[in-house]
Each structure stands twice: as structure tokens, then as C-alpha cells.
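Input: a single structure, listed below in C-alpha cells.
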Amino acid sequence: MRHLISVLIENESGALSRVAGLFSARGYNIESLTVAPTEDPSLSRMTIITSGSDEIIEQITKQLNKLIETVKVVDLSEAPHLERELMLLKVRATGKDREEMKRMTDIFRARIVDVTDTTYVIELTGNQGKLDAFIQAIDPALILETVRSGVCGIGRGERVLRA
Amino acid sequence: MLLTGAEIVVQCLQRENVKYVFGYPGGAVLHIYDAFFQQDEIRHVLVRHEQAAVHAADGYARASGEVGVALVTSGPGATNAVTGIATAYGDSIPVVILSGQVPTAMIGQDAFQEVDTVGITRPCVKHNFLVKDVAELAETIKKAFHIARTGRPGPVLVDIPKDVSAAKCEFHYPETVTMRSYNPVVKGHQGQIRKAVKALREAKRPILYAGGGVILADAADELTALARRLEAPVTTTLMALGAYPASDRQFLGMPGMHGTYEANLALHHADVVLAVGARFDDRVIGSPEHFAAEPRTIIHIDIDPSSISKRVKADLPIVGDVRHVFADFLRILDEEGLSAPSEALAPWWERIEQWRARRCLAYEQPSDGLIKPQYVIDTLWKVTKGEAIVTSDVGQHQMWAAQYYRFDHPRRWLNSGGLGTMGVGLPYAMGARFARPEAPVVCVTGEASIQMCIQELSTCKQFRLPLKIVNLNNGYLGMVRQWQELFHGGRYSESYMDSLPDFAALARAYGHVGIRVDHPADLQPVLERAFTEHANELVFLDVRIDPRENVYPMIQGGKGLTEMILSADDL
Ligand SMILES: Cc1ncc(C[n+]2csc(CCOP(=O)(O)OP(=O)(O)O)c2C)c(N)n1
Ligand SMILES: [Mg+2]
């Protein structure tokens, strides 16, 4: 089962490699990992997408909690939550493809954020499924580069993760 | 007053009441060694290899319950220390390792004797730090000690660049540490504890299964009190020998691969298992599937939640310090006024006595034959009246020591259970002797293991450590040979070592007493002399034992607790 785990962790050099090392040393899956400081610059927030049986997910949360720099760990996928990922896509935009690309961008409510005579850079946010669908919808031969940020997640409503 | 980083290191160690530092100097720690030279409160023990520095600090911690401290230089000093650090980590031993590092401005430039010590040690420490600013040094060392000794203990490394140990700064040692990210649980959940007490009282076939956590928590007395109240049998793992008196009737011996018949069968057939500070290791229960096939209620107490339900699902998990949780158990039993469960448990004890009657550890020592290793440990136990601190290395000799030296007290049995590191025996004995200078300290080793840290005989001479080394010399990597004999068709691939040194002569070359023992009749008198005539000297006994002897009982890797081989006849 796919899980989305959020971690509040001290913003120290080395904290990221402790988390990454934990996943590789114990053979846990890691599909994506995002990390950036929070409004309190001494704290970072990580979002990890992983998968495994209930026993493995239980071990993952326990092992993450065990890291000395970890302040809090929550499995967001246990309750209603939001997921967002940002994608930047550089595509070939010439001739009739140029118009088609613009049309797809509008349909997916994406934005064109860089324009040249021959290329567009398209920005799209959404959940993973929406980003995947966009890639499916356009001609793969036109894709020059794809950059995805990895998923960030947050609980809905009053469910708050703070130090 | 302004102090240099090096002086701050020394001050911090003094504030932590550190009495010994085990170390080895080098370029990156020269300032720190200079500061040591100018004080005489802390004694520095100069080892002959950094691996032994960490092992000795680890042995000191095991014997004393205090944090052990090691000091090594950058690069090769730090890499040599890694085996020691991983060994301490494997058994959750509180050790602080201070390592020198190249100056901050040179980090990342492949400088002379630069390695990424924090990176190399990250997977085998509880935590580690690189100190980039002298202003953070004191607080970091304080945190290192705090983290090493609290919660589930473990090694913590502090990497100190050379410019940091030279820089000056105002010294202030924090009295306490608070870390928002690190607050180990101490008290167990009261509701869970009540449920556990109830399950134990209602059990028809209870067993207490204690692991190294009981020793680490100094909870041996509480374990004993609880076992007596419940009248339940007790088995203690390799790491917990001495947590419950081996001479007591309720003690079944150690469980696992080389555990006793009665301990393994009782653990398997129990209806309620109280697991404390233990982790259902593969060397204890073998196959988790085989174990899980039998229905039973498992109560699991551990300070580390990640140890619970890792290999075997717990029905009643209790996270907390074992000593506190036991105190709660005992209080609840008092409140409820326990009637003696004797009658209810009589059939269970009857079964256990039948298993015990198999006398799975019986052996024979022919009076004119080869010396049997079991007889050596038995005799050692007699001569030392069971009161010695015994360290061991890794192999058959380790298992014989664990099986035949009957430990009645905690912190008397020091060995590498988790990592299984050959070479720990002698440095552990050194550390133990510094921790308990009045106690007889014996290292039971093998001719292969001892050679992994044999250079420390020189340290023993310098510090006049009157250790007794009992080398169970079978001329083989015996444990490897045993597996090859049993599971690899007797193809003894590289388990025989040619050209062994004359160990007795080697010991003499280091300035100690060296004696070779070949005949059973000589053993006891020689051992006695080692503790009387040579009480103040290091004595190396090179005991030539039966090279074909195997360790039994045995459960083959991956098999279950009921699939024991009791002797060669079972094969
Ligand atoms: C550092 C290290 N290398 C290899 C091993 C694998 N190993 C386990 S026991 C053993 C043989 C030990 O021989 P010896 O010290 O003579 O003890 P014996 O089994 O003969 O009593 C070996 C090689 C180990 N445990 N540690
Ligand atoms: Mg041997």
C-alpha cells in the first residue's frame, strides 16, 4: 500500500542523509522525498512517499521517530489530506504542435511560463495522477525535459503537524 | 575565562565524571593530547590499535554501567575505530567517541588523513556530530553523553576539526540538555501494564524471557523479584546472562541456537511470554514463522518501540524503561495481593523438569584424554567461585563460556552478542579491569580470536593489568569448522590455521606469564596458581583442547525452537 509520511526534523546538515540512509539500509521503498525548511527555519518538513505492508510501514514510522533529529512523524495517508506536486515540462512548440500544446495547457489548467520560438515551459501542479495524465495526453515525442518536485502533503481541516 | 577547544574537551569530560579515556594520538588530536598532558584528573589509557580503544571503552561501560570514552585521530584512526563502534551499537552500549578531523577549511579537499567520519559512522552510531564552531563544542559533548546514556543507549561520535580544538572560547558547561526532538519514554502505559499483570496471573504456562535491555536498565533485582512473585521460569539471552541468578531453580538457561533444551521448549510451549529488553533475534527464536505457528500471548517491554513487533508481533506492547515498568508490575501485584500460583503452575513445572532431566549440557572428561572445553569452563567457575568478570571472543569458546560459567550477577559477562566481533575479548577485559579494579577478570578466547587484538598484551603490560586469559586452543576456527562439519559435508575450507604462534612464549615476550596446559589433571592446579601465586600478573593459559569438540545443543539457522540437535547422535 502507498503511504504518504510527513516528518518534522531539525534543519541540520546531515538530517537528510540520515533519512535517506535509513531507507536504503533497511531496504524500504522510497518513491519520492521532498524537503524544505518550514516557517521556523530551524525545522524542515519532509514528505516521503513509500509503500509496504502494514508491518513495514509501522517499522518505517518507528525508525524515523528513532532518529535523534526527528521531532514528529505522521502517516498522512491514514486520514483525509491533500497532496500536491509541481511539474515543469519543456516541450517542442513549433508549427501545429504549438497551438495544440497551448490547448492542452488550458484544458489541464496548467500555465506556460517560458516561451521561445521553438519551445514552451509548462508549469502544472496537482496530485500525482493529474501530472501523469498530462504526460499521457501530449505527444511524447515533443517532451524535451520533465522536472517533478515530488509530492508534498498536508492534513485537511484541524489536523495540524507542528513541533 | 577563555579556553581552547582542546581544554574544553578535557573540562567537559571532567564534568561528566569520566575517569578513563581509551585512545591513540595523531595529528588531528594533538591539541587535545596536549590538554590531557596538562591535567591529571582523567587517566588516558594508550592502547595499541584504535579498534581496541573503542572495545575497551565499551567493555568499561558494560562492566560499570557508566559511559565509556574513546579518543582517536582523523582518517585511519577513525576508520580503525569503526569495528569498535559498530560492536557497541550492536549491543546498545553507551560509548562516546571523540575523533579528530582535518581543519574545517580543508574539509572536502581530500586532505591528508581526511575521511568523512560522520558519513562512515552514520549507520553504526546512535547519533553523531561534526563540530564546526568551538562555541558549540561544550554543548555538543553534553548532548553526546546525554544521548549515549538515555533511552536505548548507544555509541555517539563527536568529530572535532583541528582548528576547533585550537580556537578559544568562553567555557560554559550546560547543566542539563533539552532537545525537542529527543525525549525517550521512561514510564510505561499503566493500562497496558495492568493488562499484562492480569495475563501473567492467569497464565498456565508463563515464561520470562529477558534480554540485554534488563542489564542495560540495571533491572536485574526487579526481574528476580518479579520472577519469584510469579513463580515463573526465566530464560535470559546471551546478552542477559547474570540478569537472573543461574544457580536458581527457576532459571532455565539461555534460549536459542545454543540454548538449553528446557529453555527452548519452555519458550516455545509457553502460553504467556513476557519478553523484556529482548528482541526475538534470529539467534534466539530461529524462524519467526515456526515460532508464530504456536498460539501464545506475547507481552513485550522495551524502551525502543522499533524493537517491538519487529520480528514477532506483540499482543501487549509496553514502551518504557524496564526498571520502571517492573516496579509498576510489582506495585500492582502488591495492591492486588497475589495468592501463590504454585498449584496452578505445578503441571507446567512438571513438564519443565522433564525437559531439564535430559541434562542437555552433560559432558564427560576422560581423565587421561584430551581436555574438554566444557571442563575448562566448569573448572574456571569453581576456581573463581563464580565471582569473576568473564569476557569472551566469538566462536565455540564463547558458547561454552556462556553455557558452563553460571553467572549469578549482572555485568559479569561481557561479549559481543549483536555484531559477533572476534577480537573483543582482551580489550573488554582491559575495560572491565579499569571499571572494577578489585574484581578478577578472565578472558575466555580462542586461538583465532585472540590474534585479532593480541597487540593489547602490550597495553596490559604498561598498565599492569593482571588479567587471566584462557585460550581454548583447538587449532581451528572452531565455530566455522563445526558448521562445515554439520552443514557443508565436512569440507573444511580455510577453517584450519597453520603456523600458530607458541602463545605461552608470546605472552612471555610481552612480559607476562605464559603457561601451556595439555593434560586434564594439570588444569585446576594451574588455574589456581593463576589467581594466587600470579594474582598480580597477567597469566596467559594456552589450553590445548579436544579439536573435534562441538557445541550442543544446536538449532540450525532458520529452524525452529523445537528442532534442536542435542548431540552428534541426533544427526
Ligand atoms: C571479525 C570476525 N571475523 C570473522 C568472524 C566469523 N567467525 C565466527 S567464529 C569464528 C572462528 C573463531 O575461532 P576461534 O577464535 O579459534 O574460536 P573457536 O570457535 O575455535 O572456539 C569466525 C571466523 C567473526 N565472528 N568476526
Ligand atoms: Mg579455535
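The values are calculated or read from the model by the stated rules, or taken from the named source; none is laboratory data. What you see is a predicted model; the values in this text were computed from it and never measured. Neighbour counts are summed over all protein chains in view; Cβ atoms, including those assigned to glycine, are modelled from backbone coordinates with ideal geometry. Ligands, DNA and RNA are excluded from the accessible area calculation, which covers all protein heavy atoms including side chains. Shrake-Rupley method; radii C 1.70, N 1.55, O 1.52, S 1.80 Å.
Observations
- Filtering the stretch B:63-89 to residues that are open to solvent by 20 Å² or more (accessible area, probe 1.4 Å) and more than 18 Å from residue B:159 (Cα to Cα) leaves B:64, B:65, B:66.
- Qualifying residue in the stretch B:240-255 (condition: open to solvent by 50 Å² or more (accessible area, probe 1.4 Å) and assigned to a loop (DSSP other than H, G, I, E, B)): yes
- Within the stretch B:375-395, being within 16 Å of ligand 2 (Cβ to nearest atom) and either surrounded by fewer than 21 Cβ atoms within 10 Å (Cβ to Cβ) or among the small types (Gly, Ala, Ser) (or both) holds for B:392, B:395.
- Subset tally (residues that are buried (at least 17 other Cβ atoms within 10 Å of the Cβ) and in a helix (DSSP H, G or I)) for the stretch A:76-96: 2
- Test: residue in the stretch B:88-95 that is assigned by TED's automatic domain parsing to the domain that holds residue B:116, in contact with a Ser or Thr (Cβ under 7 Å, 6 or more places away or on another chain) and in a strand (DSSP E or B): no
- Checked across the stretch B:206-215, the condition of being in a loop (DSSP other than H, G, I, E, B) and in contact (Cβ under 8 Å) with a residue 24 or more places away in the chain holds for at least one residue.
- Qualifying residues in the stretch B:305-333 (those that are assigned to a loop (DSSP other than H, G, I, E, B) and crowded, with 20+ Cβ neighbours inside 10 Å) - the one nearest to the chain's Cα centre (by Cα): B:321
- Looking across B:50, B:66, one residue alone is touching a strand residue (DSSP E or B) at 6+ places or on another chain (Cβ under 8 Å) and away from chain A (no Cβ under 14 Å). It is B:50.
- Cβ pairs under 8 Å, 6+ apart, first in the stretch B:46-70 and on the phi > 0 side of the Ramachandran plot, second open to solvent by 10 Å² or more (accessible area, probe 1.4 Å): B:65/B:218; B:65/B:411
- For the stretch B:141-170, the set of residues classified as among the β-branched types (Val, Ile, Thr) and closer than 30 Å to residue B:324 by Cβ consists of B:141, B:147, B:150, B:156, B:158, listed by residue number.
- Where residue B:128 falls short, out of the listed (1) open to solvent by less than 20 Å² (accessible area, probe 1.4 Å); (2) within 11 Å of another protein chain (Cβ to nearest Cβ); (3) in a helix (DSSP H, G or I): (3)
- Residues satisfying the stated conditions in the stretch A:104-136, i.e. more than 30 Å from residue A:6 (Cβ to Cβ), in a helix (DSSP H, G or I) and open to solvent by 40 Å² or more (accessible area, probe 1.4 Å): A:106, A:107
- The stretch A:9-28 residues that are assigned by TED's automatic domain parsing to the domain that holds residue A:59, paired with ones that are open to solvent by 50 Å² or more (accessible area, probe 1.4 Å) and among the aliphatic types (A, V, I, L, M) (beta carbon under 7 Å, 6 or more apart): A:16/A:35; A:23/A:30; A:28/A:56
- Note on the stretch B:425-542: enclosed helices (runs of 4 or more DSSP H) holding 1 or more residues that are within 16 Å of ligand 1 (Cβ to nearest atom) and crowded, with 17+ Cβ neighbours inside 10 Å are B:425-435, B:456-462, B:478-487, B:503-509.
- Residue within the stretch B:49-71 that is part of a helix (DSSP H, G or I) and acidic (Asp, Glu) present: yes
- Exactly one residue out of B:499, B:495 is free of Cβ contacts under 8 Å to residues at least 12 places away in the same chain, over 22 Å from residue B:259 (Cβ atoms), within 16 Å of ligand 2 (Cβ to nearest atom) and small (Gly, Ala, Ser), and it is B:499.
- Residue within the stretch B:346-355 that is in contact with a helix residue (DSSP H, G or I) (Cβ under 6 Å, 6 or more places away or on another chain) and charged (D, E, K, R) present: no
- Some residue of the stretch B:334-356 being within 14 Å of another protein chain (Cβ to nearest Cβ) and open to solvent by less than 20 Å² (accessible area, probe 1.4 Å): no
- Subset of the stretch A:44-68 that is open to solvent by 20 Å² or more (accessible area, probe 1.4 Å) and touching a strand residue (DSSP E or B) at 6+ places or on another chain (Cβ under 7 Å) - its residue that is farthest from the other protein chains (Cβ to nearest Cβ): A:51
- Residue check, residue B:399 under 26 Å from residue B:525 (Cα atoms), open to solvent by 10 Å² or more (accessible area, probe 1.4 Å) and within 13 Å of ligand 1 (Cβ to nearest atom): yes
- Test: residue in the stretch B:405-419 that is over 27 Å from residue B:554 (Cβ atoms) and more than 16 Å from ligand 2 (Cβ to nearest atom): yes
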